[in-house]
Structure formats: C-alpha cells, structure tokens
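Structure first, commentary second.
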Amino acid sequence: MNILVIVGVLVLVILVLIFRVQSLVAILRGSDKRVDGLSNRINGGMFLIFLFGGLGLFFWYTFSKSHVYNLPEAASIHGKETDMLFAITMAVIVAVFVIVNFLILFFAYKYQYKKDREVKFYPDNHLLETVWTIIPAIVLAALVFGGWRSWTEITADAKESDKPVVFEIVGQQFLWASRYPGMDGELGKHDFRSIDSKNSFGIDLNDEKGYDDFMPLNIHVPVGKEVLMRIRAKDVIHSVFIPHLRVKMDAVPGMPTQFRFTPTKTTDEMRSLLNDPEFTYEIACTEICGRGHFGMKHTLVVDTPEEYAKWYAEQSKDASFASLNEKYLVEKVPAEKKDALNAVLAKIKGEEVVAEPVVETPVVDSLTTDSTIVEVASDSTVSDSSPELAH
Amino acid sequence: MSAVAHEHDHHHEESFVTKYLFSLDHKMIAKQFLITGLIWAFFGGGLSILFRIQLGFPNADLSWLEPLLGNWIQEDGKMDPNFYLAAVTMHGTIMVFFVLTAGLSGTFSNLLIPLQIGARDMASGLMNMLSYWFFFASGVLMMISLFLETGPASGGWVAYPPLSALTDLGEAAPGQGAGMTLWLTAMALFIVSSLLGSVNYVATVINMRTKGLTFDRLPLTIWAFFVTAIIGLLSFPVLFAAALLLIFDRNFGTSFYLSDIYVNGEALSHVGGSPILYQHLFWFLGHPEVYIVLIPALGITSEIIATNSRKPIFGYKAMIASILGIAFLSFIVWGHHMFSSGMNPFLGSVFMFLTLIIAIPSAVKAFNYITTLWKGNIIFTPAMLFSIGLVSLFVSGGVTGIALGNSALDIQLHDTYFVVAHFHLVMGAASFFGMVAGIYHWFPKMFGRMMDDRLGYVHFWLTFIGVYMVFMPMHYIGIQGFPRRYYSYSAYDTWSDYVNPETFNISMFISIAAFITFSAQAIFVFNFIYSALKGKRATQNPWNSNTLEWTTPVEGIHGNWPGEIPEVHRWPYDYSKPGAKEDFIPQTVPFSETPESNLEGEA
C-alpha cells in the first residue's frame, strides 16, 4: 500500500515536471500564441476521427447486437402496436442523430482556422429559420399523432360488453400480491383500516362480495382475453412493470389505478418462442420504494383459456378468503352480514351449486362442466389464503 | 479606519473577511459559487463512482472501501442496498441543484451580468452575498446528512411521498428519517438562495444596462441568464411550497400527500391526501429546472461559438425567440414525467402534445449553432472544444426525448436506463460542458491568468469520449427494460443474463468508462489550481472578443471600470464583418468610426 502511494506521488511529480517543461518550450518557440498551429489541426482532425470512429462503433454495435438489445418480445396487443411506433420513432431519431452530429463535427473539422480563409458574415436568413422550424414541426406532429392514437386506445375505459378478466395487484414493501373476484364475479370493497394478519388485503367485511375473493400465489390470466388489472399500494408508491406485456403503471396508496391489456402469447408459447424452458413473465417494481426495491419481483402466468378456467375454478372453490378463514370471518363479520357469509360459504362448499353450471366466472364464457380430473398444477398450489404479508 | 467607512473608496485595503468571505463584489461571489460548486461536483461525481462500482461489479469484495464507508459495507463485503439508494439520491440532488444550478448559474450570472451589461455591480450586493451564504448553509446541512449514522435521504432526488413523508420506515429506508429532514431543510435554504440570486439578476439586467445597451444588443449569455432567473423566480417557490407541505406531513400530522397507508403493522390516521399532488408540484419546478440548468449553458456556448468561429451567431433573434419559447413551454410540460403515475390519461395526451412542441425551439437552436460553425474560421480553444461538445451532446441526448415524450412509448421506457441516458446527455453532460467551457473562457476574467491549453485539450477529449462511452450504452439496456435505481438485477431472468458478473458485460463497460472519465477530471483540477496561481498572465482581451467584460482591466477592480462606464453602440456579434480592419469590432466602437464596414442603416 505504502509503495503504491510513493509510486503514485512519483508519477504525479514526473507528470507535472513534463507539463512544466513543455509549457516553457512552447513559450520559447512562441507556439502558444499561434492559433493556426499544430494543436488546432490536431483538434480539428480529432473531430473527424471522433465522428467516423464514433458512428462506426455505434452502427457496428447496434447491428451486431441487435438481436440482444432489442425490446423484449412483445406479448400483448398494444405492445405490438407501440413496438411498431417505437421502431418508426427510433428510425427518425437515429437519422437526426447521425445527420446533425455529422454536420456539427464535420464542420468543426472543415472550418478549422486557416490564416487566409474567407469567413462568411452570415447573421441571418429567414427562409432557413422558417424551414427548420416547420420541418421538425411536421415530423413531430406525425409522431405525436401516432402516439396519441395508441395512448387513447390503451388508456380508454374497458367496454362493459367486453367483460374483461379482472384481478387486483397490491404493492407493499417489498412484494406484490394479487386478489381475484370469487364465484360472484366481483371484487369486494377494501379498506386499509381492516388490514390485519389474516386479512392482509384489507377486505372490507361490510361488503359480502369480498368474502369469496381469493388470493393466489401467482397471477394467472388467459391468453387472448382482455385483462383489467386494478392496482393499489399499501405503504409507499410502487409501480407495476411487466416488460414483455408492455405494462407499466404506478401503484399509489389512496388512489387506485388500473391498466388494461390483452396477452397474445401463453407462457408455454413464449418458452418455445424464446427457446427458454425457464421463461416466466416477470413483474418488477419501477418506482423507488426502499431497500428491497430491486427484489420486488412477482410472476405472471398466461394460460390457454381452458387452463385458466380450470385454475380459476379450483382457486375460487378451494382458496377463497371465506373458506380459508372461516373462523376469522365468523368472528369478525358484522351481525347483519352473518347470513350473507353463510350463503357464500355454502356456495363455495358446493351445497347450492348443484343445479347451476359450476361457476359463473366473470371471465371465461365456455367453462367446461365435464368432470375431467382436476390436476393441480404446481404453480397454482394454494397453501394459505395469501402470501404472508404482514410482518 | 475600518473598511466599511470607506465603502466607496476604491483604493482601500479590505480585510480578509470582507474581501474573501462576506464579499459584496459580484466577481468574488462568482468565484465563491464556482469553487463551492466544483467541490460539490467532486462529491456528486464521487458518489456516482461508488454506485457504478456496485452496478458494474456486484459480486466484488468491497471491504477495501470500509475505511471510507464504514458500516455501509456489509460483513460479506457487499455494499448496503440502502447506501446504494442514498448514493443515487444524493448524486442527483447534488448534481442538479448544487453543481448545475448554483455552480453554473450562480457563477456565471454573477460574473457576467454586471461585466457584460456595463454595471458597477449587482443591483443589491447584500442580497447577492446572502444568496451565496444561504447556498453555503444549505450545503453544510446536506454535507452533514452524508455523515449521519442512518445515512442521507435515499428516496430518489425527486423525493416522492409517501416514501419521503414517512419518518420511521426502519431498515426499509433508514435515510428517510433524519437524512430526509436535513435534505428538506437544505432544499428550503437552497431555494431561498436561488430566489435571492434570481431577483438580483432580473433587477440588474432590467435596470442597470449601460447607455446604448438595448435588449436587442444584449449578448446571448445575458439573455440566457435573464430568462433563467425568471424561470427560477416562477418555479422555485412552487418547490418551496411542496417541501413545506411535505415537512407538515412529516412532522405535524397533516395529510396533504398521505392517504390510506398501512405501514409497520398499523394503519395510519392520514386520509384524503394525494401523493400525486406532490408530483405535480415537484415537476412544476422539476421540469423548468432542466432548463434552469441548460439555458445558461446554451447562452455561454452561443457566446463562445460565435467568438471562436470568428462569425456572428446565426439567427440572433431566432436564438432569443427560442430561449423565450423554451422558457414558456417549460412550464406546461411537467406532466410528461407522470405519464404512468396514474393521472388522468387525457392529461397525458395534452402533455404529450406540449412536450413534443418544445423540441422545435430546441431544434432551431441546434441548427443555428451548426450554421454559425459553417464557413467560420474555428479556433479550438478548450472552451470552444467544450462548446462544440455541448452541441453534440445536446442533440444526441435531445433526440431520444422524442421517444420519451410520447406517452405510448413511455409506458415501456419510463424509469428505465433509457431515461437515465437521455437526461444525462441532454441536461447533465451538456450543462456540465457549458460550465467547463465557461470556466476555460472566462478564467482570465476571474483570475487574471490563462489556463493551460494543452491540458485543456486532453481534458476535453477524454471527457467527451468518456461521456459518450458512459451514456450511449445505457440506451441499449434501457430498451431492454432495465429499471433505474436497482441495486442488482440478479433476481430477474429478464435482465440478469445481460449483466452476468462472470463475463465482461455492458454494465462493467459503463462503469469502467465512468471511472476513466471521472479520473480525467483530475487534469482539469490540476490545470485550474496551477493556472490560478502560476498560469500565464492574461492580456486584456485574450480571445479578441466583442463584449464589454473584455474592456475591464485584467486585475478586476472594484466597480469594474476605472473611469466612466463604456457606452455601447452595436450588437455583440460583429465578427469578420466585410470591410472591417480587424475580424472583430467591440461593442464600444461607434458606427462613426467604422464607415468601411457599416451595413445599410448602421450609421
């Protein structure tokens, strides 16, 4: 360590001495006063080298790694659309980037000081100013228009008739959890004051619609169906980011948000498409939320409609809030809701369902009622009402 | 007799305290801002080196940093994630406010406004001094927060509540306790400093221009500082309000920003507030702040490029119009930082339109610089190199704004490294280049000596190449979706392969480029200190420039001009005027003395 310091100091001293000697030499030669000297030519030349070297490096890297550094495979309808928009915008950007940088750096090289150069006194030109005000305006207007159309489509309210698959995602330091409507097809109300160790979602016990909701370990959605993701946060702002689905929306305490998307590829399809048997749709947090921000991961499974229906049927039957926390609910539910609770419990236990089709899910129109053997998929195992949230 | 009694006597001896500490002289206050800003730049840059170590080499054993960081290095030799976030937060705060606002605007507005408009000093020397000392006090608090046991603020430089409003998050964010309190107090003092400065700049420019210096003869530097000061006056008070409400939420139980929060195992009593309100208030300053940082740099560049191209700046009036246009638009585009915040999507559409309009005046500026270079006779002083570099960085960073300003594309790109690359190029590096260019150019005016050119060249090329090497690659990982402010990417299959620490990867490349670029600044530091003490003595007008500051004596006296204040007769950009005897005609030369080069209507 000490030797390093000594060597470092020596190197510094030598550098300073060299600097001192060369600046004295420059003064003796008078080259420090000349503006058309070697230094000016070197700097001019460097701009040219930088221009072509830099652009060369840029294009070489971009093309040789284009398969690596592209947008992740898009697996949602709006994602395909915005990817197209992104490609067009990037083409414009790269063109402007190359042309303008070329002009700046090339002019720097070309018009470096020469003693007898005629400088053009050129203070103004209205036509030029107008041209380069209007051209960017037109290009930008075109790009904005494209963006505006997609944006309005993406953010429009879901049509009632579309009956989107609804689920709720809730962020907290440092994990995500999800909640689905149970057999009644509707999410119950929530109230942050109801949150406790059993009721980590703060399901409002005054609203019987929440009794049959279920909270799976993994989020499942069916392919090709519109999904409406309702988003909440419990403590600080988080942000739901699903890169492959082109989904990003903040989760804000006290202000529910939402995002609507239609997945186009199942997890299995993505696995074979990307040639990656391990692939899962990952959900990340993109709003700084504290120490564990970088590890706030969740996963999402895109199923075929049949798989999804099966999964949904199991979950709503076996993993509902009411069935897993019967004792808790019986104790906590206000007196006037006792009957409603019993009805929900009875429905879940199948005492009433005999005459009806198995479940009227809000999501899948063609739910098969045949008695195929229900195999519990590994990722839909339900051990508890929800991941243990409160610590 | 004390110095105070001789306040108007220009020949008196000042004491150390009145000359160097509580100076009322704008030139000394400018130097105070500059030196303080540069010291902060060292800290801000140093913090970025620390978190680049983590990002480039997440598996490295960092116990060698223990003497510096103490408990922030965990027992396994890894950096504490809380320290990582604190470093990111403080890097942003320091760079944006202390370096590129105070260090840039504070230095050059103070130095150049009186000198270039022909005034003896600022409108109020006292307010000017207070402006510096409020900044200094703010800096002291911010510095103290770096040494707290719980660490400095760690919720990002934007300090969004509830993360910034909850004082007791324990291990989840220890910096949000005392660290955040100091951060808020420091910011409040900083805003006071900034407002005192801005009021002064505006008043001075409006009232104290010398005879003949009409607004259409002002150098573009002054236009830039003037407009910047107005932007600051209108936007900083809003940040002050935001900070004040946040302090209320933190300490007095109000609920401006808080509602429906369950944390640490209990439901808080706050209801009815909105975290989005803070974001609106913050970005109402935050976006203009980008231009507070950038416009002075563009003003400085305009002056340097014209001088060293030996050509008038092209489209002087268009340059002024674009500064004004940018300034106006900067107040109505803040929502593009909030496309995915959950605000009404219709607002998103409006902000998208307004945001992309701001690209137009920016494009005009870039084209005007290029046309100024065209058919010029360019002398590559270090200041000129950095100015050309600025234009390049401004364009390269600016163009990606077209993608980010588009709300549909922003869904994927928001809060990724694409954004980091964008704003570091367009406002970070570009403004830093403007500041450095200004230092090289006006060093003779500040210290009466010249900086060494050759060291300047080396400094420029290392920095210019280095900055591109650091920030260009960030676009690639940004497109891949890498979120910013992540301590590590190992948890995600989507990203971990790209930054696998076992192989040489793009993140390592960025980090190494950052280390080299940061180290290269040592050349600048050496050049600065050495030249200030022992540099070649400056001549009165070393760059053959037209503006008024070069008519003052080299040693820089109290009151700026020994005799009468010079009168101005023409605009500042009469370079290489056809027929003229020399390739520059200072603003003080009347048309009657230059019949050979007068254009129509100039007499």
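For segment A:296-331, the set of residues classified as open to solvent by 40 Å² or more (accessible area, probe 1.4 Å) and within 11 Å of another protein chain (Cβ to nearest Cβ) consists of A:K297 only. Among the numbered conditions (1) at pLDDT 95 or above; (2) surrounded by fewer than 19 Cβ atoms within 10 Å (Cβ to Cβ), the only one that B:I94 does not meet is (2). In the set A:R246, A:R179, A:R230, only one residue is open to solvent by 20 Å² or more (accessible area, probe 1.4 Å), closer than 30 Å to A:E81 by Cα and touching a residue at least 24 places away in the same chain (Cβ under 8 Å); that residue is A:R230. Taken as a whole, the condition of being over 18 Å from the mean Cα position of the chain (by Cα) and either part of a helix (DSSP H, G or I) or modelled with pLDDT of 95 or more (or both) applies to B:V205. Residues in segment A:249-258 that are open to solvent by 10 Å² or more (accessible area, probe 1.4 Å) and more than 7 Å from chain B (Cβ to nearest Cβ): 2 in all.
Residue by residue, here is whether (1) open to solvent by less than 80 Å² (accessible area, probe 1.4 Å); (2) within 11 Å of chain B (Cβ to nearest Cβ); (3) modelled with pLDDT of 90 or more holds:
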{"site": "A:D32", "(1), (2), (3)": "yes, yes, no"}
{"site": "A:V35", "(1), (2), (3)": "yes, yes, no"}
{"site": "A:F47", "(1), (2), (3)": "yes, yes, yes"}
{"site": "A:F52", "(1), (2), (3)": "no, no, yes"}
{"site": "A:L57", "(1), (2), (3)": "no, yes, yes"}
{"site": "A:W60", "(1), (2), (3)": "no, no, yes"}
{"site": "A:S64", "(1), (2), (3)": "yes, no, yes"}
{"site": "A:L71", "(1), (2), (3)": "yes, yes, no"}
{"site": "A:K80", "(1), (2), (3)": "no, no, yes"}
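Considering segment B:299-318, the residues that are more than 21 Å from A:K115 (Cβ to Cβ) and among the charged types (D, E, K, R) include one that is farthest from the other protein chains (Cβ to nearest Cβ), namely B:E303. Here is a check on your reading of the model: is B:S124 surrounded by fewer than 24 Cβ atoms within 10 Å (Cβ to Cβ) and at pLDDT below 95? So B:S124 fits the description; yes. The single condition from (1) within 27 Å of A:K317 (Cα to Cα); (2) open to solvent by less than 20 Å² (accessible area, probe 1.4 Å); (3) out of contact with any Leu (no Cβ under 7 Å at 6 or more places or on another chain); (4) not hydroxyl-bearing (S, T, Y) that A:D196 fails is (2).
Would you pick out the residues in segment B:572-581 that are farther than 15 Å from B:T551 by Cα and within 12 Å of chain A (Cβ to nearest Cβ)? Listed by number, the residues that qualify are B:Y573, B:D574, B:Y575, B:S576, B:K577, B:P578, B:G579, B:A580.
When only residues in segment A:93-113 that are facing chain B (nearest Cβ under 7 Å) and in contact (Cβ under 8 Å) with a residue 40 or more places away in the chain count, which is most open to solvent (accessible area, probe 1.4 Å)? Per the stated criteria, the residue is A:Y113.
Restricting attention to segment B:251-266 and to residues that are small (G, A, S) and open to solvent by 40 Å² or more (accessible area, probe 1.4 Å), the residue that is farthest from B:F282 (Cα to Cα) turns out to be B:G265.
Of the residues making up segment B:288-300, one or more are open to solvent by 10 Å² or more (accessible area, probe 1.4 Å) and part of a helix (DSSP H, G or I).
The number of residues in segment B:359-382 that are within 8 Å of chain A (Cβ to nearest Cβ) and assigned to a loop (DSSP other than H, G, I, E, B) comes to 6. Among the residues making up segment B:249-292, those that are within 19 Å of B:A159 (Cα to Cα) and of a type in the set (A, V, I, L, M) are B:L258, B:I261, B:V263, B:I276, B:L277, B:L281, B:L285, B:V290. In contact (Cβ under 8 Å) with a residue 12 or more places away in the chain and within 13 Å of chain A (Cβ to nearest Cβ): is that true of B:F284 in this structure? The answer is no for B:F284. Close contacts from segment B:58-75, counting a first residue that is in a helix (DSSP H, G or I) and a second that is open to solvent by less than 30 Å² (accessible area, probe 1.4 Å), with Cβ to Cβ under 7 Å and a gap of 6+ residues or different chains, come to B:S63/B:I73; B:S63/B:G77; B:L65/B:I73; B:E66/B:I73; B:L69/B:F83; B:W72/B:M79; B:W72/B:D80; B:W72/B:F83.
Go over the candidates A:E287, A:E314, A:E306 one by one and state the one that is at pLDDT 90 or above, of a type in the set (D, E) and in a loop (DSSP other than H, G, I, E, B). On inspection, the qualifying residue turns out to be A:E287.
With respect to the conditions (1) away from chain A (no Cβ under 11 Å); (2) open to solvent by 10 Å² or more (accessible area, probe 1.4 Å), B:I506 lacks only one, and its number is (1). Here B:R454 clears all of (1) open to solvent by 10 Å² or more (accessible area, probe 1.4 Å); (2) in contact (Cβ under 8 Å) with a residue 24 or more places away in the chain except the condition numbered (2). Within segment B:461-469, at least one residue is open to solvent by 20 Å² or more (accessible area, probe 1.4 Å), facing chain A (nearest Cβ under 8 Å), aliphatic (A, V, I, L, M) and farther than 24 Å from A:A284 by Cα. Residues of segment B:164-182 that are touching a Pro at 6+ places or on another chain (Cβ under 9 Å) and either over 16 Å from B:N71 (Cβ atoms) or within 8 Å of chain A (Cβ to nearest Cβ) (or both): B:A165, B:M180, B:L182.
Residues that are outside any strand (DSSP E or B) and in contact with a strand residue (DSSP E or B) (Cβ under 8 Å, 6 or more places away or on another chain) within segment A:247-268 comprise A:P253, A:P256, A:T262, A:T264, A:K265, A:T266, A:T267, listed in sequence order. As an exercise: evaluate B:G563 against (1) part of a loop (DSSP other than H, G, I, E, B); (2) at negative phi; (3) touching a residue at least 60 places away in the same chain (Cβ under 8 Å) and give the number of the one condition it does not meet. Unmet condition: (3).
If you scan segment B:337-358, which residues turn out to be part of a helix (DSSP H, G or I) and open to solvent by 30 Å² or more (accessible area, probe 1.4 Å)?
Correct list: B:H337, B:P345, B:F346, B:L347, B:V350, B:F353, B:L354, B:I357.
Scanning segment B:348-358 for residues being closer than 15 Å to A:M249 by Cα and more than 7 Å from chain A (Cβ to nearest Cβ) gives a total of 0.
The values are calculated or read from the model by the stated rules, or taken from the named source; none is laboratory data. Here the structure is a predicted model, which is why all the values come from computation and not from measurement. Positions of Cβ are backbone-derived with ideal geometry, glycine not excepted, and every protein chain shown enters the neighbour counts. For the accessible areas, the whole protein counts, side chains as well, though only heavy atoms, and no ligand, DNA or RNA atoms are used. Shrake-Rupley method; radii C 1.70, N 1.55, O 1.52, S 1.80 Å.
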